[in-house]
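Inspection log for the structure reproduced underneath, given as structure tokens.
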Amino acid sequence: MEYQDWLELPKQTKDKNKKFITKLKNKKPKNLDDMFHEKHEEVFEDIDCLKCGNCCKTTSPIFREVDIKRIAKKLRMKEPDFIDYYLKIDGDGDYVLQEAPCAFFDEQDNTCGIYDFRPAACGEYPHTNRKNMFQILDLTLSNTEVCPAVARIVTELEKVTNMDRKLPRTRD
Ligand code: SF4
Ligand code: SF4
């Protein structure tokens, strides 16, 4: 499937994915982190962010103070000027980009102009390999509509857990 198709999929399977995430929230599997991390590795072996760039095109990372300091310094800008020029405060009180696509994103080749000193949140996206996935299940669900890798991870996990349920019980 093409990346765009994976992004279309959550629109068709929205209810199914929501049900799956609710189920995980109601009954946390012991190996939830392992389930996600294993799929994350598998899916990112196949998906190349340089052929996608959808997160940089459509959403904004959070810029923490330490990010702002570092990036402004590298760009030889004063911090208040950097904030005025690129950032705004969102509903949660965090600094985010004024607009999307990100001002540092190059649409020609999907690269980041500040890659080596980009915000930490950019390096962590889409968060499917972090600890305590249970805490970010809602975020993960909403990321299925932004990131084809997350769409694929959630869709495939839903299928696997469904298959597990259908397997006949084995005798001990
Ligand atoms: S800073 Fe770089 S990685 Fe982060 S959103 Fe902008 S272009 Fe993407
Ligand atoms: S993290 Fe997801 S949305 Fe961002 S470029 Fe990679 S595959 Fe695309």
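Where a number appears in this text, it was derived from the coordinates with a stated rule and is not lab data. Because the structure is predicted, anything quoted here is derived from the model rather than measured. Don't worry about glycine lacking a Cβ; one is built from the backbone with ideal geometry, like all the others, and counts go over all protein chains shown.
Structure above, values below:
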{"read-out": "Point-charge dipole on Cβ atoms (K/R +1, D/E -1) for the chain, about Cα centre, debye to 20", "value": "920 debye"}
{"read-out": "Interchain or long-range residues, amide H under 5 Å from THR111's placed H", "value": "ASP106"}
{"read-out": "Signed unit charges on C-beta, dipole axis of the chain, positive-most listed residue CYS55, VAL43, PHE104", "value": "VAL43"}
{"read-out": "ASN129 long-range amide H proximity, modeled H, under 5 Å", "value": "none"}
{"read-out": "The chain: most fluctuating residue of PHE104, PHE36, PHE20 per GNM, C-alpha cutoff 10 Å", "value": "PHE104"}
{"read-out": "Set of aspartates and glutamates near LYS27 by C-alpha distance (under 16 Å), chain-local residues within fewer than 8 positions excluded", "value": "ASP138, GLU158, ASP164"}
{"read-out": "Max mean-square fluctuation residue, GNM over the chain, Cα-Cα springs under 10 Å, options ASP81, ASP138, ASP92", "value": "ASP92"}
{"read-out": "Contact order normalised by residue count of the chain, Cα under 8 Å, 6+ apart, percent", "value": "37 percent"}
{"read-out": "Angle in degrees between helix 14-26 and the longest Cα principal axis of the chain, rounded to the nearest 10", "value": "80 degrees"}
{"read-out": "Three-way shape call for the chain based on the alpha-carbon gyration tensor, with the a/c threshold at 1.5", "value": "prolate"}
{"read-out": "Helix-only CD estimate at 222 nm, as mean residue ellipticity for the chain, using -39500 (n - 2.57) per DSSP H run (n ≥ 4)", "value": "-16000 deg cm²/dmol"}
